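Novice: Could you have a look at this structure, given as structure tokens, before my questions?
Readers should treat all values here as calculations from the given coordinates under stated rules, not as data from a laboratory. Nothing here was measured: the structure is a model prediction, and the numbers come from that model. Quick reminder, even Gly has a Cβ in these numbers, built from the backbone with ideal geometry, and neighbours come from all protein chains shown.
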Amino acid sequence: MARFVPGHLHIERHALNKDDHSYALSLDYEVAQDPQEGKGMQFRLHGTVQDTALDETFFLAKDQAFDFARHATRIAHQYGLPSNDGLVSAHASYDAMFEDVRAQLDVHSGDPVKPEHLV
């Protein structure tokens with residue numbers, strides 16, 4: 001289950017049996033300015049994975065901000081999300097969030113990407 005409003009995405013998964021896993025996570029975001037990277041998005045991932053509390057923040061530069069799901073999934077793995085699972089099952093919500101991030105950062109097709117961010 002996923003719920004999106006601009007600036008906030010909430011995703012939940014409930015275990016179906018004792019061998020399954022669950023999580024309830026919120027991903028909040030807002031435009032921020034980093035001294036080295038410039039304009040980008042500040043993200044805060046908080047909630048629980050398998051009843052383990054999680055509250056982490058991360059910044060992604062303007063040209064990296066659309067990779068938020070990979071970063072959020074990596075953090076969730078550190079808190080117990082199985083390595084073979086990701087947080088990308090809520091495609092419609094992620095699409096809406098992607099468009100909101102694009103609008104807030106005023107990103108357009110063809111905007112330059114810093115080569116060092118491609119590594």
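Novice: Which length gain, in nm to one decimal place, applies between Thr48 and Arg70 when the Cα-Cα distance is subtracted from 0.36 nm times their residue separation? Write out the running numbers ahead of the final one.
Specialist: Details: separation 22, 0.36 × 22 = 7.92 nm, distance 1.75 nm.
In short, 6.2 nm is gained.
Novice: Let me ask something else about it. Among (1) 107; (2) 96; (3) 84, which is the computed volume of the Cα convex hull per residue in Å³?
Specialist: Label (1) holds the value from this structure.
Novice: Among the lysines, which have Cα under 21 Å from the Cα of Lys62 when same-chain residues fewer than 8 positions away are ignored?
Specialist: Lys39, Lys114
Novice: Hey, what do the phi angles of the stretch 38-47 turn into as Karplus ³J(HN,Hα) couplings, whole Hz, using 6.51/-1.76/1.60 and θ = phi - 60°, x for Gly and Pro?
Specialist: Per residue, the Karplus-derived 3J(HN,Hα) values read x, 5, x, 10, 9, 10, 10, 9, 8, x Hz.
Novice: Follow-up. What order do you get for Lys62, Lys114 when you list them from fewest to most C-beta neighbours inside 10 Å?
Specialist: Ordered from fewest to most neighbouring Cβ atoms within 10 Å, Lys62, Lys114 come out as Lys114, Lys62.
Novice: Given the options Gly86, Gly38, Gly47, state which has the largest fluctuation in a GNM of the chain using a 10 Å cut-off (strictly under) for Cα springs.
Specialist: Gly38
Novice: Let me ask something additional. I want the local charge near Arg13. Using Cβ-Cβ distances under 9 Å, sum +1 for each Lys or Arg and -1 for each Asp or Glu among the other residues.
Specialist: Values: positive: none; negative: Glu12, Asp20, Asp85.
Overall, the nearby charge balance is -3.
Novice: Using helices alone, what [θ] at 222 nm do you get for the chain, with -39,500 (n - 2.57) per DSSP H run of 4 or more residues, divided over all residues and rounded to the nearest 500?
Specialist: Values: 2 runs with 26 residues, N = 119.
Value at 222 nm, helices only: -7000 deg cm²/dmol.
Novice: Fully extended, how many nm does the chain gain between Gln36 and Ala24 (0.36 nm per residue separation, minus their Cα-Cα distance)? It would help to have the intermediate numbers written out before the result.
Specialist: Values: separation 12, 0.36 × 12 = 4.32 nm, distance 3.27 nm.
Taking 0.36 nm per residue and subtracting the Cα distance, the gain is 1.0 nm.
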